[in-house]
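The values are calculated or read from the model by the stated rules, or taken from the named source; none is laboratory data. As the structure is a prediction and not an experimental result, all values here were calculated from the model. Positions of Cβ are generated from backbone atoms using ideal geometry, with glycine treated the same way; all protein chains shown enter the neighbour counts. These accessible areas exclude ligands, DNA and RNA; they are computed on the full protein's heavy atoms, side chains included. Shrake-Rupley method; radii C 1.70, N 1.55, O 1.52, S 1.80 Å.
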Amino acid sequence: MLPEEELVAKILKGNASAFEVLVKRYEKLVLHVACKLIKRDEEVMDICQEVFIKVYKGLGNFSFQSKLSTWIARIAYLTSLNHLQKYKSENINTIAGRNLELDNYHFSEDTPEKLLIKKDVSAYIQHLITQLPLPYQTVLTLYHLQEFSYLEIQEITGMPEGTVKSYLSRARKLLKEKLVTYLKNG
């Protein structure tokens, strides 16, 4: 696998196949970040294209002060937030974590549909994650699924490191409480 510095140098020299390599290397990361914030598939694909356009245009300014994956994830995160702010301004407070009573967040009651989902624990856990406030979903996903460090998540989201740790702790606690209930009743 080509090191990031060489890949970026080739792209900056106009090598189109090098940019294809970059896209293939980071498309899952961009898709994952966008999917956590944007729910409509067609919008997610538009966001992903926009992210890679921004990456291409901004690559000359990338200074390797962070990992390339962190920089690209931040672009994906901010592009997704900008999309939500532009088209769904009523949701921006939920995503940015402002004016939320996150400590008082409760899961909704189980419905027959949700009980069917519970049969597959993996699907149930994913279902529970989607019920969390978006800042919790984002932090949990970036930390556990994308394996970013606290500092990298801080760079990506712009949240202070303490907030990242706090949201991660609260998200884990909420998931644990619901899973304990599920396992007792299962």
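Brief remarks on what is shown
- Checking each residue in region 54-68 for being under 18 Å from Glu27 (Cα atoms), in a helix (DSSP H, G or I) and open to solvent by 20 Å² or more (accessible area, probe 1.4 Å) picks out Lys54, Tyr56, Lys57.
- Looking across region 136-186, the residues that are polar (S, T, N, Q) and touching a Lys or Arg at 6+ places or on another chain (Cβ under 7 Å) come down to Gln137, Thr138, Thr141.
- Scanning region 135-159 for residues that are more than 14 Å from Arg74 (Cα to Cα) and either open to solvent by 70 Å² or more (accessible area, probe 1.4 Å) or more than 13 Å from the chain's Cα centre (by Cα) (or both) turns up His144, Leu145, Glu147.
- Single condition Ser89 does not satisfy, out of (1) of a type in the set (S, T, N, Q); (2) surrounded by 12 or more Cβ atoms within 10 Å (Cβ to Cβ); (3) farther than 23 Å from Val164 by Cβ; (4) modelled with pLDDT under 85: (2)
- Answer from Asp46, Asp120 - the residue that is open to solvent by 60 Å² or more (accessible area, probe 1.4 Å) and either modelled with pLDDT of 85 or more or of a type in the set (Phe, Trp, Tyr) (or both): Asp46
- Count of region 160-183 residues which are open to solvent by 70 Å² or more (accessible area, probe 1.4 Å), in contact with a helix residue (DSSP H, G or I) (Cβ under 8 Å, 6 or more places away or on another chain) and more than 26 Å from Gln65 (Cα to Cα): 2
- Lone unmet requirement of (1) without any contact (Cβ under 8 Å) to a residue 60 or more places away in the chain; (2) open to solvent by 70 Å² or more (accessible area, probe 1.4 Å); (3) part of a helix (DSSP H, G or I); (4) not hydrophobic (A, V, I, L, M, F, W, C) for Lys39: (3)
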